[in-house]
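Let me begin by presenting the structure, written as structure tokens, before commenting on it.
The values are calculated or read from the model by the stated rules, or taken from the named source; none is laboratory data. Keep in mind the model is a prediction, meaning the values are calculated, not measured. Every residue, glycine among them, receives a Cβ derived from its backbone with ideal geometry; neighbour counts consider all protein chains shown.
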Amino acid sequence: MHVIVDLCVVPLGVGVSVSPYVAECQRVIEASGLHYRMHAYGTNIEGPWDEVMAVVKACHEEVHAMGAPRITTTLKMGTRTDREQRMDDKVESVDNLRRA
């Protein structure tokens, strides 16, 4: 099953700046080969369900390995069975209506 997720991983107990942890998650996501797009408060990732969930798990493992004692994650996800849809399709659909 194809899934599109919006992932926001926040390490707790590591101080004010979390950029090094976010950067590590981005390395994990990039290494997966999945299509993704980072934004100001998270990252959209799309692909087969099991592969995307494995990346979410790997992000947690890496952030814990960096010393974060706790992590809070927000995960929004969507799947469709009526047709295939990608992240870019969703954005393009809204952009087309906005320009009309």
Within segment 13-27, track down each residue that is of a type in the set (A, V, I, L, M), over 16 Å from LEU75 (Cβ atoms) and touching a strand residue (DSSP E or B) at 6+ places or on another chain (Cβ under 8 Å). VAL18
Is it the case, given these coordinates, that ALA54 is exposed (fewer than 11 other Cβ atoms within 10 Å of the Cβ), under 15 Å from the mean Cα position of the chain (by Cα) and of a type in the set (Gly, Ala, Ser)? no
Residue pairs qualifying under the 6 Å Cβ cut-off, at least six apart or on distinct chains, with the first in segment 76-98 being exposed (fewer than 12 other Cβ atoms within 10 Å of the Cβ) and the second being at pLDDT 85 or above, are LYS76/ASP6; THR79/MET1; THR79/VAL3
Residue that is nearest to GLU46 (Cα to Cα) [pool: residues in segment 5-23 that are in a helix (DSSP H, G or I) and without any contact (Cβ under 8 Å) to a residue 12 or more places away in the chain]: ALA23
Among the residues of segment 23-37, which ones are within 23 Å of ALA68 (Cβ to Cβ) and either at pLDDT below 95 or exposed (fewer than 14 other Cβ atoms within 10 Å of the Cβ) (or both)? ALA23, ARG27, GLU30, ALA31
Are any residues in segment 28-61 outside any helix (DSSP H, G or I), without any contact (Cβ under 8 Å) to a residue 12 or more places away in the chain and out of contact with any strand residue (DSSP E or B) (no Cβ under 7 Å at 6 or more places or on another chain), and if so, which ones? GLY33, HIS39, ALA40
Would you say TYR21 is of a type in the set (Phe, Trp, Tyr) and closer than 23 Å to ARG86 by Cβ? no
Every residue in segment 19-36 that is polar (S, T, N, Q) and touching a Leu at 6+ places or on another chain (Cβ under 9 Å), please. none
